[in-house]
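Chemist: Starting off with a structure, shown below.
The values are calculated or read from the model by the stated rules, or taken from the named source; none is laboratory data. Quick caveat, the model's predicted, so the values are computed rather than measured. Positions of Cβ are generated from backbone atoms using ideal geometry, with glycine treated the same way; all protein chains shown enter the neighbour counts.
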Amino acid sequence: AASGAAPAAAAAPPALPEAVEAVAGALDQLLAAQLWRASEGEVRDAVLALEVQAARLDAARLRLLAVADERGLEAAGGGPSTADWLCAATTTRAEHARRRVTLAVDLQGPLAATGKALAAGAVTAEQAGVIAAAMGRLHPSLDADTRAEAQTFLIAQAAHLDPRRLAYVGRHLTARLDPGHGPGSGLGDDLARTEARQARQAQLRCTQTDDGTWALSGLL
């Protein structure tokens, strides 16, 4: 006989303000945690776990930024673009704001697979930016299936490559998929030219400060 008990209804997703408040509350608890009582293993596990959660938080931030761009919130804020509005509201550097908005929009569109990986904590925001840059260099004539495979490949590589090494793999991939590079078409020469150009652009400046120390800056 049926028990007559109604199945429990799934909890509705929280409204945006409630979700943001919950994140703030969780951070308050984390910052107040008694770290001195944690074992070495607990500290190690927490560090790694928070790296994953940081990527997921970046995914949420970028998703909201894409919504802000879609809704044209910059008009209400008095800015000509979402990037300009973000700069004015948060003191984010202009070039960083532009890259973030572009990435945010792409993760909700052609780079949705990368967006899902970021939301799962499988890639970092920096790696997502590297993947976006590589995908942006693909030849316009490439078909959708090839583009999807390229994106899937780069996401998989991100599991064990840091952003710089992932960028190197991305350059290899885009060169290999260039329609002008058939079998034996000189892929190595193309990569050599790219690396030679980067070497020419590398620069290092040393400036002695008033207290006698040296300040280093440059592009490598």
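Chemist: Any residue in the stretch 145-163 that's closer than 13 Å to residue 130 by Cβ: show its pairings with residues that are of a type in the set (Phe, Trp, Tyr) at Cβ separation under 9 Å, as long as the two are six or more apart or on different chains.
Modeler: 161/168
Chemist: Does the stretch 53-71 contain at least one residue that is loosely packed, with under 12 Cβ neighbours inside 10 Å, small (Gly, Ala, Ser) and under 24 Å from residue 149 (Cα atoms)?
Modeler: no
Chemist: Would you mind finding the one in 51, 40 that is charged (D, E, K, R), farther than 26 Å from residue 116 by Cα and either more than 24 Å from the chain's Cα centre (by Cα) or at pLDDT 95 or above (or both)? Don't jump to the end; show me each part of the working.
Modeler: Details: 51 fails: farther than 26 Å from residue 116 by Cα.
Of 51, 40, the one residue that is charged (D, E, K, R), farther than 26 Å from residue 116 by Cα and either more than 24 Å from the chain's Cα centre (by Cα) or at pLDDT 95 or above (or both) is 40.
Chemist: A follow-up question, please. Out of curiosity, is residue 95 of a type outside the set (A, V, I, L, M, F, W, C) and surrounded by 14 or more Cβ atoms within 10 Å (Cβ to Cβ)?
Modeler: No: the conditions fail for residue 95.
Chemist: Moving on. What number of residues within the stretch 107-136 satisfy the criterion of being out of contact with any Lys or Arg (no Cβ under 8 Å at 6 or more places or on another chain) and either outside any helix (DSSP H, G or I) or not hydroxyl-bearing (Ser, Thr, Tyr) (or both)?
Modeler: Within the stretch 107-136, residues that are out of contact with any Lys or Arg (no Cβ under 8 Å at 6 or more places or on another chain) and either outside any helix (DSSP H, G or I) or not hydroxyl-bearing (Ser, Thr, Tyr) (or both) number 18.
Chemist: Within the stretch 66-100, track down each residue that is in contact with a Leu (Cβ under 6 Å, 6 or more places away or on another chain) and among the aliphatic types (A, V, I, L, M). Before you say what the answer is, go through the steps one by one.
Modeler: Here is the first cut: in the stretch 66-100, the ones in contact with a Leu (Cβ under 6 Å, 6 or more places away or on another chain) are 92, 97.
97, the sole residue that qualifies.
Chemist: OK, next. Does residue 45 fit the bill of being without any contact (Cβ under 8 Å) to a residue 40 or more places away in the chain and buried (at least 17 other Cβ atoms within 10 Å of the Cβ)?
Modeler: So residue 45 does not fit the description; no.
Chemist: Out of the residues in the stretch 91-139 that are at pLDDT 95 or above and of a type in the set (Asp, Glu), which is nearest to residue 170 (Cα to Cα)?
Modeler: Among those residues, the one meeting the criterion is 126.
Chemist: Which count do you get for residues in the stretch 72-91 that are surrounded by fewer than 15 Cβ atoms within 10 Å (Cβ to Cβ) and not in a helix (DSSP H, G or I)?
Modeler: Residues meeting the conditions: 5.
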